[in-house]
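Chemist: Just dropping this structure here.
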Amino acid sequence: MRLVLLGPPGAGKGTQAAILSEKLGVPHISTGDLFRANIGQQTALGLEAKKYLDAGDLVPSEITNNMVRARVSEPDAVNGFLLDGFPRTVDQAQALEGILGELNAKLDGVLAFEVDDEVVVQRMLARGRADDTEDVIRNRMRVYRDETAPLLDHYSGQIVTVDAVGEVDEVNARALAALGK
Ligand SMILES: Nc1ncnc2c1ncn2[C@@H]1O[C@H](COP(=O)(O)OP(=O)(O)O)[C@@H](O)[C@H]1O
């Protein structure tokens, strides 16, 4: 099963993706986690990406698309994956279509997590990661609204929505139900 997870920063996509990944038996591929791992290991990609993450800006699509192409081409992803944090722009969605075409694969669906702005700001401040200061959070939400939210229209034919307010288990049950599992 090949799914894209959409939703504002702090919607709990990463938490839900980790659980869904176990239950569905496909890898969780998070671009945010891939960037943070590269930053931790001080790879060339990490050194380049760091300034964008620190500001809450998008890493340029060329870098991001190539990183995703490499990751989804790994053997553990042949039968599917949960993409978390990608695509984040309509251009990236088009790049994803190209990448899937190269793999002779197609998306099975898009799961959109819905949650209010105030809830996500509170969740991110509580999480307290390095890129979770209030200014950076506000910038990431602006980037989400301007660049990522248009994907809700782009994918309108294949989206199922999930109310992401509530306990982790509750939201997970809703996500599985939305997928017909
Ligand atoms: N698809 C992407 N394109 C460009 N930059 C990205 C992408 N995915 C992640 N990033 C970078 O990584 C940061 C953290 O992403 P992520 O861990 O998904 O945050 P969150 O889960 O809070 O939305 C983003 O603010 C951005 O700088």
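Chemist: Treating only the Cβ of Lys, Arg, Asp and Glu as charged (+1, +1, -1, -1), what charge dipole size does the chain show about its Cα centre? Round to the nearest 20 debye. Intermediate values should be presented prior to the final figure.
Modeler: Working: 19 positive and 28 negative charges, 63 e Å.
Approximately 300 debye in magnitude.
Chemist: With every protein chain left in place, what is the accessible area of Thr64 in Å² (1.4 Å probe, nearest 10)?
Modeler: Its accessible surface works out to 10 Å², give or take rounding.
Chemist: With the chain treated as a Gaussian network of Cα nodes joined by springs under 10 Å, which of Ile99, Ile63, Ile137 yields the largest mean-square fluctuation?
Modeler: Result: Ile63 has the largest fluctuation of those listed.
Chemist: Ordering Arg145, Arg88 by how much accessible area each has at a 1.4 Å probe, largest first, what is the list?
Modeler: Correct descending sequence by accessible area is Arg145, Arg88.
Chemist: Considering amide H positions built from the backbone, and no H for Pro or chain starts, which residues 5 or more places from Leu6, or on another chain, come under 5 Å of its amide H?
Modeler: Result for Leu6 returns Leu111, Ala112, Phe113.
Chemist: In terms of solvent-accessible area of protein heavy atoms at a 1.4 angstrom probe, what is the ranking of Met1, Met124, Met141, highest value first?
Modeler: Reading off the accessible areas and sorting them downward yields Met1, Met141, Met124.
Chemist: Additional query: Which of Val72, Val119, Val162 moves most in a GNM of the chain, Cα contacts under 10 Å?
Modeler: Val119
Chemist: Per residue, how much accessible area does the range 59-120 show when a 1.4 Å probe rolls over the protein heavy atoms, in square angstrom? List each step's numbers first, then the result.
Modeler: On the way: 2850 Å² over 62 residues.
That works out to 46 Å² per residue.
Chemist: Pick out which of Gly98, Gly157, Gly25 has the largest mean-square fluctuation in a Gaussian network model of the chain, springs linking Cα atoms closer than 10 Å.
Modeler: Most flexible of the set in this elastic network: Gly157.
Chemist: Rounded, prolate or oblate for the range 67-181? Axes are the square roots of the Cα gyration tensor eigenvalues, ordered a ≥ b ≥ c, and the cut-off for rounded is a/c under 1.5.
Modeler: In terms of gyration-tensor shape, prolate.
Chemist: Carbon-plus-sulfur fraction of the accessible area of the chain, 1.4 Å probe, in percent?
Modeler: 49 percent
The values are calculated or read from the model by the stated rules, or taken from the named source; none is laboratory data. Computed from a predicted model, the values in this text were never measured in an experiment. No Cβ is skipped: glycine too gets one built from the backbone with ideal geometry, and neighbour counts run over all protein chains shown. Areas reflect the complete protein model, heavy atoms only, side chains present, ligands, DNA and RNA absent. Shrake-Rupley method; radii C 1.70, N 1.55, O 1.52, S 1.80 Å.
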